[in-house]
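Peer 1: Below are the structure tokens for one structure; questions will follow.
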Amino acid sequence: MELGVLAGGIMIGLAALAAGIGNGLLFSRYLEGITRQPEAQSKLFSQAMITLGLVEALPIISIAFGILVLFGIVPPK
Amino acid sequence: MEALDLRRRRMITLSIIPLFIFLLLWIITPYRPFFAGLALGAGISLCNILYLARRIRIIGEVAAAGSQPRSGTGLLTRILLVVFGVGLTFRYPEWFDYRSFLLGLPMCYVLLIIVEYWSKGKERLSNRKG
């Protein structure tokens, strides 16, 4: 049980960290892009938001995994 | 925002097919918890994607009007939706298999990538023609 709590915590924490780095990179590139080409803002906005959805998929799925491990449904090997 | 609406429509069309197949397999095969979990995961991920598209449209409209968008992309709501699915697999393990639920969760995100490539290909084709 203790290992499960540790594994779940690490899983959720690392996924949040990775998503944070991903979002930071995405929006830095987006801002860079609209600074260079302000006329492409609307096109870049929808692209950036779709990518944001993909980046945020990782912590969401990882939270599902983490909760299952945390509460002992999936035992850590 | 037309590009977003087009992608949303394509996404719904593309994800209805596997969902329908899962439901059909849930009815006709003896592996009912497996396909129920798969359908639950896929349904929740479809809801997440559609909710995200709605929020993006709202933010885009507010930004286009020139004011500061106050709402976010609804991450907490999407996380709670997944937690709700996990809760269902907890509460009714005889109905929903947790492994297939976890398999179904990334389905719509994979389909989103496919839709993105599909849209890019169509745009490239129309640019070449026009």
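Peer 1: Can you tell me which of A:LEU25, A:LEU14, A:LEU44, A:LEU31 is assigned to a helix (DSSP H, G or I) and closer than 25 Å to B:VAL82 by Cα? Before the answer, list the steps.
Peer 2: Details: A:LEU25 fails: closer than 25 Å to B:VAL82 by Cα; A:LEU44 fails: closer than 25 Å to B:VAL82 by Cα; A:LEU31 fails: closer than 25 Å to B:VAL82 by Cα.
Being assigned to a helix (DSSP H, G or I) and closer than 25 Å to B:VAL82 by Cα holds for just one of A:LEU25, A:LEU14, A:LEU44, A:LEU31, which is A:LEU14.
Peer 1: Take A:ALA57 and tell me if it is farther than 25 Å from B:LEU6 by Cα, within 10 Å of another protein chain (Cβ to nearest Cβ) and in a helix (DSSP H, G or I). Outline the logic, then answer.
Peer 2: Working: farther than 25 Å from B:LEU6 by Cα: no; within 10 Å of another protein chain (Cβ to nearest Cβ): yes; in a helix (DSSP H, G or I): yes.
Answer is no for this residue.
Peer 1: Could you please let me know if B:LEU25 is open to solvent by less than 80 Å² (accessible area, probe 1.4 Å) and in contact (Cβ under 8 Å) with a residue 24 or more places away in the chain? Show your work before the answer.
Peer 2: Details: open to solvent by less than 80 Å² (accessible area, probe 1.4 Å): yes; in contact (Cβ under 8 Å) with a residue 24 or more places away in the chain: no.
In short, no.
Peer 1: Just wondering, is there one or more residues in the stretch A:59-67 that are touching a residue at least 12 places away in the same chain (Cβ under 8 Å), touching a helix residue (DSSP H, G or I) at 6+ places or on another chain (Cβ under 8 Å) and open to solvent by 60 Å² or more (accessible area, probe 1.4 Å)?
Peer 2: There is at least one residue in the stretch A:59-67 that is touching a residue at least 12 places away in the same chain (Cβ under 8 Å), touching a helix residue (DSSP H, G or I) at 6+ places or on another chain (Cβ under 8 Å) and open to solvent by 60 Å² or more (accessible area, probe 1.4 Å).
Peer 1: In addition: How many residues are open to solvent by less than 60 Å² (accessible area, probe 1.4 Å), more than 30 Å from A:ILE67 (Cα to Cα) and either part of a helix (DSSP H, G or I) or within 7 Å of chain A (Cβ to nearest Cβ) (or both) if we restrict to the stretch B:59-90?
Peer 2: Selection size over the stretch B:59-90: 4.
Peer 1: Further question: Restricting attention to the stretch B:91-121, which residues are over 16 Å from B:ILE12 (Cβ atoms), more than 9 Å from every other protein chain (Cβ to nearest Cβ), surrounded by 14 or more Cβ atoms within 10 Å (Cβ to Cβ) and of a type outside the set (A, V, I, L, M, F, W, C)?
Peer 2: Result: B:ASP97, B:SER100, B:GLY104.
The values are calculated or read from the model by the stated rules, or taken from the named source; none is laboratory data. None of the values given here were measured: they were computed from a predicted structure. So basically every Cβ, Gly included, is an ideal-geometry build from the backbone, and we count neighbours across all protein chains shown. Note: accessible area is taken over every heavy atom of the protein model, side chains too, but ligands, DNA and RNA are not part of it. Shrake-Rupley method; radii C 1.70, N 1.55, O 1.52, S 1.80 Å.
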